[in-house]
Amino acid sequence: MTDASRRRFLTQTTAALVAAPFISTTSTRARAQQSRKLGVAVCGLGKLSTDQIAPALAKTQHCRLAGIVTGTPAKAAAWKAKYGIADRSVYSYDTMHRMAENPDIDFVYVVTPNALHAQHTIAAAKAGKHVFCEKPLEISVERCQQMIDACRDAKRLLGTAYRCQYDPHHLECIRLVREEVFGKPNIVQAGFAINVGAPGQWRLQRALAGGGALMDVGIYALQATRYLTGEEPVLVSAQETKTDLARFSEVDESMVWTTKFPSGVVAYCSTSYKAGGIQNLRVNADRGWFELDPAFFYDGNRGRRSDGKEIRFPQTDLFAAEMDDFARAIIESRPTKVPGEEGLRDVRIMQAIYESARTGRAVSLV
Ligand code: NAD
């Protein structure tokens, strides 16, 4: 070994020895960060939070229920007792700014009526928290944009809770389209109808819901046509029908709409609050078809294909899957799979659907 090569060897070895503990510390830190469970504060303790989100949190790998936001003291007491939530992590809608002092909370899951999503998202972002928000993102494009801006300004992620984007049945349908297993798609059909129930609830009040069946469940049909085609619609034409003028005086009861996509795919969609039992998604392509029916349940969705094969996967908790994915995006400092912008796009198209139904004319989206 020459003097020069010995010096190079010693320099490299020393550098490696100095770096070794650093490398092992950072990878240990990275591993600790990966396995850390993020604290989630659930904002709005209604039916979805109680029946789906709280149980799903217990099934996640990367999340834990760390706080609540509620306007009802009795619910706060019940959730504190059931889930062992600390007093300092219980907030009202007016005290959300105090979350800024609470390191136990990493993100807020907004599960309040549609027209309160912006208010609660912006409060959480200003307190330095990431936000995962239920669908529809809000009731107007302007409010969706305010939410996106608030999270961007706070350097926090905003995710839209579109659970079907985590359903293996929907993912399989996307694969069948992308890989052209049945050739190029030409027609997509999607429908989602429920019986909304009694009058008096916020879903039937325009100020809180922003709209009726379309905003609540038709949005799933609309979303599906977009993620299946992978395209944005260029033209929409819609028609609304009301049969119960008293119950649906403020919001849409039943709506059908057609959208045209740039590739020439046409989507026929429907939604209703009048009765349940319609939940389907079908893609017709050049050499066959496939469909899901039911398509939009929390679990138990299934489907079939024109070649006789079934589309059936084991049950997964979609709420756990979407929360874990959002948590991983925060941990890994990467964009979330379903950002706020995705929620905004649907709200924009739904506004065009309402405009078309109101004016009786097709509305251009380009
Ligand atoms: P819900 O009526 O059961 O719960 C709403 C909660 O908001 C209640 O706890 C209520 O007390 C609280 N709230 C706060 N301010 C309120 C006000 N001014 N008026 C009325 N309630 C107020 O409703 P939900 O079914 O839990 O729906 C909540 C959100 O979740 C909605 O945006 C809805 O679209 C969405 N959602 C999503 C799914 C899904 O599958 N992803 C399913 C159901 C609901």
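Residues in region 71-119 that are hydroxyl-bearing (S, T, Y), open to solvent by less than 30 Å² (accessible area, probe 1.4 Å) and within 11 Å of the ligand (Cβ to nearest atom): Y109, T112. Only residues that are assigned to a loop (DSSP other than H, G, I, E, B) and in contact with a helix residue (DSSP H, G or I) (Cβ under 8 Å, 6 or more places away or on another chain) were counted in region 282-303, giving 6. In the set A54, A100, A81, A76, only one residue is assigned by TED's automatic domain parsing to the domain that holds H117, at pLDDT 95 or above and closer than 20 Å to D324 by Cβ; that residue is A54.
Annotation note: Cβ proximity below 8 Å between a residue of region 108-121 that is farther than 15 Å from G343 by Cα and a residue that is more than 10 Å from the ligand (Cβ to nearest atom) and part of a loop (DSSP other than H, G, I, E, B) (sequence gap 6+ or interchain) occurs for V108/K129. Per the listing K135, K82, K126, the residue uniquely touching a helix residue (DSSP H, G or I) at 6+ places or on another chain (Cβ under 9 Å), more than 21 Å from I330 (Cβ to Cβ) and among the charged types (D, E, K, R) is K82. Within region 237-250, not a single residue is touching a residue at least 24 places away in the same chain (Cβ under 8 Å), in contact with an Asp or Glu (Cβ under 9 Å, 6 or more places away or on another chain), surrounded by 16 or more Cβ atoms within 10 Å (Cβ to Cβ) and aromatic (F, W, Y). Consider region 288-315 and keep the residues that are open to solvent by 50 Å² or more (accessible area, probe 1.4 Å) and at pLDDT below 95. The one that is farthest from the ligand (Cβ to nearest atom) is Q315. Looking only at region 135-160, residues that are within 16 Å of the ligand (Cβ to nearest atom) and either crowded, with 23+ Cβ neighbours inside 10 Å or among the charged types (D, E, K, R) (or both) come to 11 in all. If you go through region 45-70 and pick out every residue that is within 11 Å of the ligand (Cβ to nearest atom), within 20 Å of the chain's Cα centre (by Cα) and closer than 19 Å to H97 by Cα, you end up with 3. If you check V266 against the conditions, is it in contact with a strand residue (DSSP E or B) (Cβ under 6 Å, 6 or more places away or on another chain) and more than 18 Å from H170 (Cα to Cα)? So V266 passes the test. Scanning region 45-59 for residues that are crowded, with 21+ Cβ neighbours inside 10 Å and not in a helix (DSSP H, G or I) yields one hit, L45.
Taken as a whole, the condition of being more than 12 Å from the ligand (Cβ to nearest atom), within 21 Å of D324 (Cα to Cα) and not in a loop (DSSP other than H, G, I, E, B) applies to A125.
Filtered by the rule that a residue be surrounded by fewer than 15 Cβ atoms within 10 Å (Cβ to Cβ) and either part of a strand (DSSP E or B) or within 22 Å of the chain's Cα centre (by Cα) (or both), region 182-201 gives G183, N186, I187.
Go through the residues of region 221-230 one by one and say whether even a single one is open to solvent by 50 Å² or more (accessible area, probe 1.4 Å) and not small (G, A, S). The answer is no, given that none of the residues of region 221-230 is open to solvent by 50 Å² or more (accessible area, probe 1.4 Å) and not small (G, A, S).
Looking only at region 156-164, decide whether some residue is over 17 Å from the mean Cα position of the chain (by Cα) and more than 30 Å from F313 (Cα to Cα). No, because not a single residue in region 156-164 is over 17 Å from the mean Cα position of the chain (by Cα) and more than 30 Å from F313 (Cα to Cα). Against the test of being in a helix (DSSP H, G or I) and open to solvent by less than 10 Å² (accessible area, probe 1.4 Å), the options L214, L208, L171 yield a single qualifying residue, L214. Condition (residue is touching a helix residue (DSSP H, G or I) at 6+ places or on another chain (Cβ under 7 Å) and outside any helix (DSSP H, G or I)) applied to region 341-360: is it met by at least one residue? No. Condition check for A275 on (1) hydrophobic (A, V, I, L, M, F, W, C); (2) within 24 Å of the chain's Cα centre (by Cα); (3) modelled with pLDDT under 95: one failure, at (2).
The values are calculated or read from the model by the stated rules, or taken from the named source; none is laboratory data. Everything numeric in this text was worked out from a predicted model, so none of it was measured. For neighbour counting, all protein chains shown are included, and Cβ atoms are generated from backbone atoms with ideal geometry for every residue, glycine included. The area values use the complete protein model at the heavy-atom level, side chains included, leaving out ligands, DNA and RNA. Shrake-Rupley method; radii C 1.70, N 1.55, O 1.52, S 1.80 Å.
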